[in-house]
Structure formats: structure tokens, C-alpha cells
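See below for the structure under consideration.
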Amino acid sequence: MSDSTLEGGTRIAAPIRVLLVDDQPLLRTGFRMILESEPDIAVVGEAGDGEKAVQESRALQPDVVLMDIRMPRMDGVEAARHITGAERASQVKVLVLTTFDLDEYVVEALRAGASGFLLKDVPPEELATAIRIVARGDAVVAPGVTRRLLDRFAGNLPVGGGPSDPLLTQLTEREREVLRQMSRGMSNAEIAAELFVSETTVKTHVGNVLAKLKLRDRVQAVVYAYESGLVRPGVDER
């Protein structure tokens, strides 16, 4: 997103640019109608398959790609990997759409660089809010939801290095604890209360965790916590 300047020096935020990707035209039309009713969101293009999504993402440089999972030619997981991978020319964010019975694909999408996921029956106001959250660089999925998702499909995840994973040695003990709490679905405020520190301190620890582990957001931090063995599905409950 960028800002525009009106006469007199007043700055206004440019609308969030969204690319809609779904192989069902009727769904794309519905999403477009919902999003174009929001004054701060603009739909800049559509695609009906993953290959077209990658092409349009590179051509249009949207802020957010609203991405379906199952599509012809290239699925949403592979498309997300291309859009958010090393070849990307800008920080385009991917927000995955799914139906609940396809959660195993969402695990892969999160690992591929998606910033979160929504169910296709999401209420209109939540869809717009989620796009705003992702556009500003945050994860749209509550860590607790992601944890339950990973619990259900833990068998699909590769075996990580366990608690002795070398990357974990870069974290302080307090940063490891913050990562554990994030993976249990706790907000910054809840972690602050649990650890008897300020919320500002927790935000600093979260930022350090993401920077040291080279992770995009809290969603990827949760995935890493499971893959590394720091948190074990069905065992590390609150």
C-alpha cells in the first residue's frame, strides 16, 4: 500500500489492492461485490487457476492475493510458493481460502508462505478485516486455530530436529517460552499476563523470534514450533 497527498498536504492511504483467485467465477463475483463495497479495498484483477494467479500477481503487484486451494493447472499451494518465494519482486501477501475438509492443504500453504487462511463461508465483514490484517503484515489466523489445525494433521508434517534443533539455540530461554505460548494460541496480552511482563516486552520478544528464525509472521512461527519439536501436537496444552 502507498499514500496519496491531497491539496493542502493531507495524506490519505491508498486502497488495499486485491487479486481474487478461484476457479469458480460465481465465487469470484461474490467476493468482488463484497470487497468493492469497502472504501479502502480495490479488486485489481482475477484469476481462475494457479498459473494465471502467479502471472497476474507479478504483473499487477497486488497487496493481497485471495487464493483458493484446489484449482486446475496449478493448485493454490504451489502458486503461493511462487508468489511468496525467493523469486518475488515485492512483498505480496497470500490469504488462503479453503473448505474445512481440505485442512491438510492449508498446512502446506502456510509452510509455502501464506499469511493465513479463511473458510469460504467467512462472513463478509470478517473477510474485509482479514484482508486489512494481512495487508499490514500480520497473520490473519489466530495461533490457537492454527495449533488445532496442526494437531489434526500432525502426521503430514516432516519430523523436525526436536528441541535441539540448531536454530532454537539462537533464541534466549524467554524467547523460547514466548514461542511456546504463541503456539498455544495466546495473544500478546495473555502472554504478558502469564510471564508477568509488559505487553511491549512481549512484542519485542515476538519480533526477536521472527527475526532470528527468519519467519514472516506468527503463523509461520507456530508451524516452526511444531516442525522443530519445541511444541508437540496433543501434548503441549495450556
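Just a few scattered comments:
- Looking only at residues of the stretch 197-234 that are aliphatic (A, V, I, L, M), assigned to a loop (DSSP other than H, G, I, E, B) and within 17 Å of the chain's Cα centre (by Cα), we find that the one that is nearest to Ala114 (Cα to Cα) is Leu215.
- On the stretch given as the stretch 181-196, residues that are in a helix (DSSP H, G or I), of a type in the set (D, E, K, R) and modelled with pLDDT under 90 total 1.
- Where strands (runs of 3 or more DSSP E) fall entirely within the stretch 1-114, those with at least 1 residues that are modelled with pLDDT of 95 or more and among the β-branched types (Val, Ile, Thr) are at 16-21, 41-47, 64-68.
- Residue pairs meeting the criteria (Cβ under 7 Å; at least 6 apart or on separate chains; first closer than 12 Å to Arg174 by Cα, in the stretch 196-220; second of a type in the set (Val, Ile, Thr) and assigned to a helix (DSSP H, G or I)): Val202/Val178; Val202/Ile191; His205/Val178; Val206/Val178; Val209/Val178
The values are calculated or read from the model by the stated rules, or taken from the named source; none is laboratory data. Model, not experiment: these values are computed from the prediction. Methodologically, a virtual Cβ is constructed for each residue, glycine included, from the backbone with ideal geometry; neighbour enumeration extends over all protein chains shown.
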